[in-house]
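Working notes, beginning with the structure itself.
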Amino acid sequence: MITFFSDQQALHRDVKEVLSGELVPSFEVAQRTDIVLKAIETRGLGPVMAPAQFDTDAVLTVHDPDYVAFLRGAWDEWHALFPDTTQAMPYCFPARGFRSICPAHIEGRLGYYSADLTAAIMAGTWEAVWASVECALSGQQQIIAGEKSVFSLCRPPGHHAGRDQMGGYCYLNNAAIAAQAYRDSGCLRVAILDVDYHHGNGTQSIFYDRADVLFTSIHADPAWDYPHYLGYQDEIGVGDGKGYNLNLPLRLNSTWADYEPALLAALERIAVFQPDVLVVSLGLDSYEHDPISSFKLDAEKYTFMGQRIAELGLPTQFVFEGGYAVDALGTNTVNVLEGFQQY
Ligand code: OKP
Ligand code: ZN
């Protein structure tokens, strides 16, 4: 299996996030992809290639042009105003009762375009985010060219990013951009399976009113974990999209005994949908030792997961999302990919 990765992605680094009221080093560190690359090499998964370059066309079919322009220019604008700070972060938001107005000042715009305090913008963020998108689009092109599977080692991740919103370490939605690119390459139906511990609220919102892209997600009950305000079972889609959104929230501390039936239910829904292609939002934060998550999957369960996904027999693009137990992240990621290939 080919992996797409760019050195540019490491330019987004040393980020801080708000956790339990404190500004702390982000769990979403550049070493995450280092360790995955190491495991890919040690276990001989296949070649790692730099992505091709893309213009913004494919991204602007998923994201709002003003939002993309904002992301691209935010650091320079912030840095000119606050030269002694290391990252741009909002402090106020258009919450209930306010108007949905995009203000002029950079701090107002940061709040307008943010869901939370876990997606700061630094020098290098845009370059990394863009390289991450290029990994997604290069992977999509490989599948269109006839490969059975591909791994887009995206970082920063993407599944919390909405059409005009960042949050949860995410800026542009790599998986959604790939899914839309399949549609624009002639695929009629695209399925997304999001196995990250956190609900993929951004991906869901992008395709919520559409029947051509099925979104399925297994994640921690949002009543008890991030992103809290989306990801409930009764969110089934709207308009044409009604019936094309499947959320399978699980209780905190869920084990494989809880997880496997949910996975099989998602795979069954995908099989009925008969998509041309599958995009997997591959988060590994369901791992038992993940520092910010509560599920109890061990390393061998990721092999099972890959095998189960392979049983669909679909061309499959894996897009990297979360996973913060850095030491185990390489093993767990390659377990899924190897499990998929073994089947
Ligand atoms: C991004 B991805 C809860 C802290 C949650 C933000 C988590 C972002 C996850 N106590 N912090 O889906 O892995
Ligand atoms: Zn996650």
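The values are calculated or read from the model by the stated rules, or taken from the named source; none is laboratory data. Note that the coordinates shown come from a computational prediction; the quantities given were computed from them, not determined experimentally. Here Cβ is always computed from backbone atoms with ideal geometry, including for glycine, and neighbour counts include all displayed protein chains.
Before moving on, here are some points about what is shown:
- Residue in region 84-99 that is among the basic types (K, R) and crowded, with 16+ Cβ neighbours inside 10 Å present: no
- One residue alone among L252, L282, L264 is modelled with pLDDT of 95 or more, more than 14 Å from ligand 1 (Cβ to nearest atom) and of a type outside the set (G, A, S), and that residue is L264.
- When region 1-41 is filtered for residues that are free of Cβ contacts under 8 Å to residues at least 40 places away in the same chain, part of a helix (DSSP H, G or I) and β-branched (V, I, T), nothing remains.
One line per residue, one yes/no per condition, for (1) more than 17 Å from the chain's Cα centre (by Cα); (2) surrounded by fewer than 24 Cβ atoms within 10 Å (Cβ to Cβ); (3) more than 11 Å from ligand 1 (Cβ to nearest atom); (4) on the phi > 0 side of the Ramachandran plot:
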position	(1), (2), (3), (4)
L137	no, yes, yes, no
I144	yes, yes, yes, no
S149	yes, yes, yes, no
C154	no, no, yes, no
N173	no, no, yes, no
A211	yes, yes, yes, no
A220	no, no, no, no
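- Residues located in region 272-296, provided they are closer than 16 Å to V29 by Cβ and near ligand 2 (Cβ under 10 Å from one of its atoms): G283, L284, D285, D290, I292, S293
- Restricting region 175-200 to residues that are closer than 16 Å to A211 by Cβ and part of a loop (DSSP other than H, G, I, E, B), the residue that is farthest from ligand 1 (Cβ to nearest atom): L188
- Sole exception among (1) among the aromatic types (F, W, Y); (2) closer than 23 Å to A310 by Cβ; (3) in contact (Cβ under 8 Å) with a residue 40 or more places away in the chain for F215, by number: (3)
- Odd one out for R251, checked against (1) crowded, with 19+ Cβ neighbours inside 10 Å; (2) of a type outside the set (A, V, I, L, M, F, W, C); (3) farther than 25 Å from L314 by Cα; (4) away from ligand 2 (no atom under 16 Å from the Cβ): (1)
- Checking G330, G339 one by one, the residue that is away from ligand 1 (no atom under 16 Å from the Cβ), under 30 Å from S20 (Cα atoms) and either touching a Phe, Trp or Tyr at 6+ places or on another chain (Cβ under 7 Å) or assigned to a helix (DSSP H, G or I) (or both) is G330 and no other.
- Count of residues meeting criterion [closer than 25 Å to S149 by Cβ, in contact with a strand residue (DSSP E or B) (Cβ under 7 Å, 6 or more places away or on another chain) and not in a loop (DSSP other than H, G, I, E, B)] in region 246-292: 18
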